[in-house]
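The values are calculated or read from the model by the stated rules, or taken from the named source; none is laboratory data. From a predicted model like this one, the values you see are computed outputs, not experimental measurements. Heads up, the Cβs are rebuilt from the backbone with ideal geometry, glycines too, and the neighbour counts pull from every protein chain shown. Areas reflect the complete protein model, heavy atoms only, side chains present, ligands, DNA and RNA absent. Shrake-Rupley method; radii C 1.70, N 1.55, O 1.52, S 1.80 Å.
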Amino acid sequence: MTQSLTLRRPDDWHLHLRDGAMLAAVLPESARHFARALVMPNLVPPVVTGADARAYRDRILAALPEGMDFTPLMTLYLTEETDPADVARAHEEGLVAAVKLYPAGATTNSASGVRDFDAVRGVLERMAEIGLPLCVHGEVTDPAIDIFDREAVFIDRVLDPLRRATPGLRVVMEHVTTADALAYVRDHDRDLAATITTHHLVINRNHILAGGIRPHYYCLPVAKRETHRLALRVAATSGDARFFLGTDSAPHTDALKESACGCAGCFTAPNTLSILAHVFEEEGALDRLEGFASLNGRAFYRLPPNAARITLTRGAPVTCPAKIDTGDGPVTVFDPGFALHWRVT
Ligand code: NCD
Ligand code: ZN
């Protein structure tokens, strides 16, 4: 049995770092293991302009502990007022790696997102011209659609029409949770990829709802039934370069999670790599972990692979703190529900 595994340093293609005291507390958890991360722009207020992205990047770099090597790759939050020229400029300056589309109301801090997709046509066309990827939170917000169906319905109602209307637009379906989304990616060879989170490889909807409600397993898109989780594991471990890691590590304080109306998000940054090694080992695919976590994403984003390497070793159970302290209050770390044996050494 493999006891040690060396990979190029991985990148996280979907990460929430927040701001202020929370940023200071969670940033080292990602920077310890990941070389780069695509940083989500859903702050309050959101990161909309190139100037916003520059200021946020500076705050992240200022919060990075001395001696840690980590590059934040910035995103812009697409609104109906977004100026295509500002986006193009931010791209040209190397400031942003993607633009993020949130349908208004789909998830945490998405109120400034898009309602009228025609209103953002100019920006999308410009992005197609310059090759700047669009990261999509793929859920419809129609209250008539069951929450477990919102990703599948989004593909037919929004994503496919949008891609047809904007040839050449490079799209990442973020944090996919359904076999439907995997099939859509597999059927469309060009300009399309998907991120898969760590937690969606581990939990299905029973983890959230059976035997009591478990707020720390609640995230968006919500975990689906077991058949979908199994399909995600097949895709992640398949070696197909269109699928890569975006943890969607999304810290919220316990006070905000453990509430009558709890926030969506799983905080997986501290133990993501241990969990992924466990999952890939279970699937007999440890040799494909490097592709999923370190190579496929950077290829889609047209960046060089990281030169540095990390080594994971298998041994006695890994102890990970159940919570981390932040200036805003404690944040619970995602519990995979099984003992972890792989540690980053
Ligand atoms: C994210 C957050 O908290 O910002 N929450 C989540 O459940 N994933 C937003 C998002 O990515 O949808
Ligand atoms: Zn997210």
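Count Lys and Arg as plus one, Asp and Glu as minus one, and take only other residues whose Cβ is under 11 Å from that of Asp156; the net charge is then -3.
In terms of accessible area, using a 1.4 Å probe and ignoring ligands and nucleic acids, Met40, Met68 rank largest first as Met68, Met40.
Helix-only arithmetic for the chain: the sum of -39500 (n - 2.57) across DSSP H runs with n ≥ 4, divided by the residue total, places the mean residue ellipticity at 222 nm at -8000 deg cm²/dmol. Binning all Cα-Cα separations of the stretch 306-345 at 5 Å, short to long from zero, yields these whole-percent fractions: 6, 19, 19, 17, 16, 16, 7, 0.
Only protein heavy atoms count here; on that basis, with a 1.4 Å probe, Asp116 has an accessible area of about 70 Å².
Alpha carbon centre of the stretch 47-114 versus the stretch 300-345: separation in Å? A separation of 25 Å, based on Cα centres. Site pair Arg54 and Ala255 shows an inter-label distance of 3.6 nm when each label is modelled 7 Å from Cα along Cα→Cβ.
A protection proxy built from the mean count of other Cβ atoms within 10 Å ranks the segments 105-112, 173-180, 161-168, most packed first, as 173-180, 105-112, 161-168. With all pairs of separate Cα atoms included, the stretch 4-344 yields a Kirkwood hydrodynamic radius of 20.0 Å. Which net charge results when you count Lys and Arg as +1 and Asp and Glu as -1 among the other residues whose beta-carbon is under 12 Å from that of Leu5? Taking every Cβ under 12 Å from that of Leu5, the sum is +2. Of Arg225, Arg8, the residue with the largest accessible area leads and the full order is Arg225, Arg8 (1.4 Å probe). Evaluate E = 1/(1 + (r/R0)^6) for Glu226 and Arg32, where r is the Cβ-Cβ distance and R0 equals 35 Å; express this FRET efficiency to the nearest 0.05. Rounded to the nearest 0.05, the efficiency is 0.65.
The radius of gyration of the Cα set in the stretch 52-205, together with its Dmax, comes out at 16.2, 50 angstrom. A protection proxy built from the mean count of other Cβ atoms within 10 Å ranks the segments 11-23, 254-266, most packed first, as 11-23, 254-266.
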